[in-house]
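Chemist: Take this structure first; my questions come after.
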Amino acid sequence: MGSVLTLDHVTKDFGGLRAVDDVSLEIESGQILGVIGPNGAGKSTVFNLICGVYHPTNGRIFFDGKSIERLTPDQVCKRGIGRTFQLSEMFKSFTTHECVTLAASLHLPMKEAKKRAEDLLERFGLSNKARWRCGSLTPVDMKLIELSKALATQPKVILLDEVMSGLTHVEAEPVLQQIKKLPEEGVTPVIVEHGMHIIKAACERVVVLNFGHLIADGGCDEVMRNKDVIDSYLGVEIASA
C-alpha cells in the first residue's frame with residue numbers, strides 16, 4: 001500500500017471562522033479510513049476541500065501524486081474521487097436507472113453506462129425499482145442510490161458522508177458489508193459517521209477532528225482510549241462500551 005490522497009497543512013477560512021486548521025493527513029490505498037468528531041468539527045468541510053467544492057486558504061491536496069486543490073468538482077470526480085452526500089442529491093424526476101446511468105456516463109459511452117447502472121442496481125438489491133422515480137424512494141433506497149451513483153463514476157477513492165446515518169442497525173448492515181468489499185475492488189473508502197458501531201466494524205484506522213484540528217490518528221481502540229477524543233466527542237460511557 002501507498003498513499004493515494006494527501007492533505008498537506010490544509011487550512012480553510014470562512015471570513016473570520018477557521019473551519020479547518022492546518023490538517024495534514026495521508027490516506028493509504030486500500031485502507032478503510034474513518035473520520036469522526038463532533039458536529040462542526042470540520043469533517044464535511046474536509047470532504048468539500050478534497051472534492052473541489054471549496055479551495056484551501058492555505059495548504060496542498062495531492063491525489064495520486066498530483067495537486068488537485070484548485071480543480072473544480074467535476075475535474076476531481078474525473079480524476080477518480082467519488083462522494084456521497086449527507087442529504088441525497090439526485091434529480092427526483094429521474095428513474096433510479098437514469099440517475100445511476102448519468103453518473104456512469106462520466107467515463108463510459110451511453111450503452112456501457114446503462115449496463116453499469118443495471119449492475120449496480122442489482123448489486124444493491126434495487127433491480128425491481130429501476131423504473132421508479134427517485135422522488136418516490138424510501139430513505140434506505142436513497143442511501144443506496146447515493147452509493148450506487150458514487151461507484152458508477154469508477155472512483156479510486158470514495159468519500160462517504162454519513163451514508164448510513166438514519167438507518168437502523170438492520171438496514172445499515174448490508175450497506176456496511178458492501179463498503180467493506182470496496183478495497184478488494186481497488187476503491188479506498190473514507191467514512192464520516194457518528195455511529196461508532198459502524199466505525200469499529202469497518203475501519204482499520206480512525207482520525208478525529210475537533211474545531212478544525214486533527215486531534216488523533218490511529219487504530220480504533222487506540223483512538224477511543226485517547227483522553228482528548230473522550231473529552232471532546234465520545235464521553236466516558238461510549239469510550240468504555
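Chemist: Pick from G34, G30, G15, G42: which is crowded, with 18+ Cβ neighbours inside 10 Å and on the phi > 0 side of the Ramachandran plot?
Modeler: After ruling out the rest, the residue left standing is G42.
Chemist: Those residues that are hydroxyl-bearing (S, T, Y), in a loop (DSSP other than H, G, I, E, B) and either in contact (Cβ under 8 Å) with a residue 24 or more places away in the chain or surrounded by fewer than 17 Cβ atoms within 10 Å (Cβ to Cβ) (or both), I need them from the stretch 90-119; list them, please.
Modeler: Passing the criteria: only S93.
Chemist: Taking into account only those residues within the stretch 73-87 that are touching a residue at least 60 places away in the same chain (Cβ under 8 Å) and among the β-branched types (V, I, T), which is farthest from T188 (Cα to Cα)?
Modeler: The qualifying residue farthest from T188 (Cα to Cα) is T84.
Chemist: Among the listed residues P155, P174, identify the single one that is more than 21 Å from N39 (Cβ to Cβ), of a type outside the set (S, T, Y) and within 15 Å of the chain's Cα centre (by Cα).
Modeler: Exactly one residue qualifies, and that residue is P155.
Quick grid of which residues meet (1) within 30 Å of D119 (Cα to Cα); (2) at pLDDT below 95:
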site: T11; (1), (2): no, no
site: L25; (1), (2): no, no
site: F47; (1), (2): yes, no
site: R60; (1), (2): no, no
site: K92; (1), (2): yes, yes
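Chemist: Find all pairs meeting these conditions: Cβ atoms under 7 angstrom apart; at least six residues apart or on different chains; first residue within the stretch 153-180 and more than 15 Å from A202 (Cβ to Cβ) and without any contact (Cβ under 8 Å) to a residue 12 or more places away in the chain; second residue surrounded by fewer than 20 Cβ atoms within 10 Å (Cβ to Cβ) and of a type in the set (D, E, K, R).
Modeler: none
Chemist: Among what's in the stretch 3-31 and is assigned to a strand (DSSP E or B) and without any contact (Cβ under 8 Å) to a residue 12 or more places away in the chain, pick the residue that is farthest from the chain's Cα centre (by Cα).
Modeler: This residue is L17.
Chemist: Ok, one more. For the stretch 202-219, which positions are over 16 Å from the mean Cα position of the chain (by Cα) and of a type in the set (A, V, I, L, M)?
Modeler: Answer for the stretch 202-219, where residues must be over 16 Å from the mean Cα position of the chain (by Cα) and of a type in the set (A, V, I, L, M): L214, I215, A216.
The values are calculated or read from the model by the stated rules, or taken from the named source; none is laboratory data. Please read these numbers as outputs of a predicted model, since none were measured by experiment. As a convention, Cβ positions derive from the backbone with ideal geometry for all residues, glycine included, and neighbour counts pool all protein chains shown.
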